[in-house]
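Okay, structure first, notes after.
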Amino acid sequence: MGTTTANLPLRERKIDVFFAAIFSVFAVTSLISDLLPTIGVDFSRPTGNFFVDSNYWYAHDADPLFMHPPDWMRIVTGLSAFGYLPFYVVLVWCLLRGRNGIQLFAVIYATMIATLTGIVVFGVEFFGDPATRTGNPGKFLAFNLPYVLIPLLLLVRMRRPLPFARRF
């Protein structure tokens, strides 16, 4: 008979508690920020609406591509709002419950987000047309780099079978 490896209890997988907290925040930010450009909400000026004003505050000096998204960028934000958001909810549950079946989906997600955000969006923001380049690289990176680095860290976490049977 084969032996089965039991998952470690959550208290012994502190990295998964960290990931669950971070991806919970990512779920909220997907809803607050990525939904607006996807559905065509104009946040090129403050309006008194918390969500519009939050996006304006971030984008007005740091992210012209986000503030005035071309169609392809609206697809990227739509993927976040309607694809990543539900994934984040499932991922957080799987992290907290130790569901190893999330491993393949986490690897696919981490690869996609690193490619779309890390290469495409960062490439346009730093090396693209001058009209789409960030005017505030520090602010841009402070808000966007975690969306590349944390998924890459998740990719490392999910690198071997049965990720929840080990600490990292």
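Read-outs throughout are calculated quantities, based only on the coordinates presented, and are distinct from any laboratory measurement. Everything quoted here is computed from the prediction, not taken from an experiment. All Cβ positions, even for glycine, are placed from backbone atoms using ideal geometry, and neighbour counts span all protein chains on display.
Just to confirm a number: summing +1 for Lys and Arg and -1 for Asp and Glu over residues other than residue 140 whose beta-carbon lies under 13 angstrom from that of residue 140, what do you get? Taking every Cβ under 13 Å from that of residue 140, the sum is -1.
Taking the chain as the reference, fit the longest principal axis to its C-alpha atoms, fit the long axis of helix 50-62 to the helix C-alpha atoms, and give the angle between the two in degrees, 0 to 90, nearest 10. Helix 50-62 sits roughly 80 degrees off the main axis of the chain. Overall, the anisotropy analysis places region 1-91 in the prolate class: the square-rooted eigenvalues a ≥ b ≥ c of its C-alpha gyration tensor yield a/c not less than 1.5, with a/b exceeding b/c. Our estimate of slack between residue 119 and residue 93, defined as 0.36 nm per intervening residue step minus the Cα-Cα distance, is 6.5 nm. Remark: the residue 126-residue 61 segment gains 22.0 nm on full extension, using 0.36 nm per residue and subtracting the alpha carbon distance.
Taken over the chain, the ratio of Cα radius of gyration to 2.2 N^0.38 Å equals 1.15. Among 151, 37, 70, the largest mean-square fluctuation in a Gaussian network model of the chain (Cα springs under 10 Å) belongs to 70. The label point for residue 136 and the one for residue 15, both projected 7 Å from the Cα toward the Cβ, are 3.4 nm apart. Footprinting exposure proxy ranking of 71, 129, fewest other C-beta atoms within 10 angstrom first, gives 71, 129.
Once fully extended, how much extra length lies between residue 72 and residue 31, figured as 0.36 nm per residue of separation less the alpha-carbon to alpha-carbon distance?
12.9 nm
Compute the acute angle (0 to 90°) between the alpha-carbon long axis of helix 14-29 and the principal axis of greatest extent of the alpha-carbon atoms of the chain; round to the nearest 10°. Long axis of 14-29 versus the principal axis of the chain: about 30 degrees.
The angle between the Cα long axis of helix 85-97 and the main principal axis of the chain comes to about 30°, on a 0 to 90 degree scale.
Dividing the helix sum by the residues of the chain, where each DSSP H run of 4 or more adds -39500 (n - 2.57), gives a mean residue ellipticity at 222 nm of -16500 deg cm²/dmol. Comparing 81, 21, 62 in a Gaussian network model of the chain where C-alpha atoms under 10 Å apart are linked, the largest mean-square fluctuation is found at 21. Comparing 107, 76, 41 in a Gaussian network model of the chain where C-alpha atoms under 10 Å apart are linked, the largest mean-square fluctuation is found at 41. Each Lys or Arg adds one and each Asp or Glu takes one away; over the other residues whose Cβ falls under 13 Å from the Cβ of residue 17, this sums to +4. The ranking of 11, 74 from fewest to most other beta carbons within 10 Å of each one's beta carbon is 11, 74.
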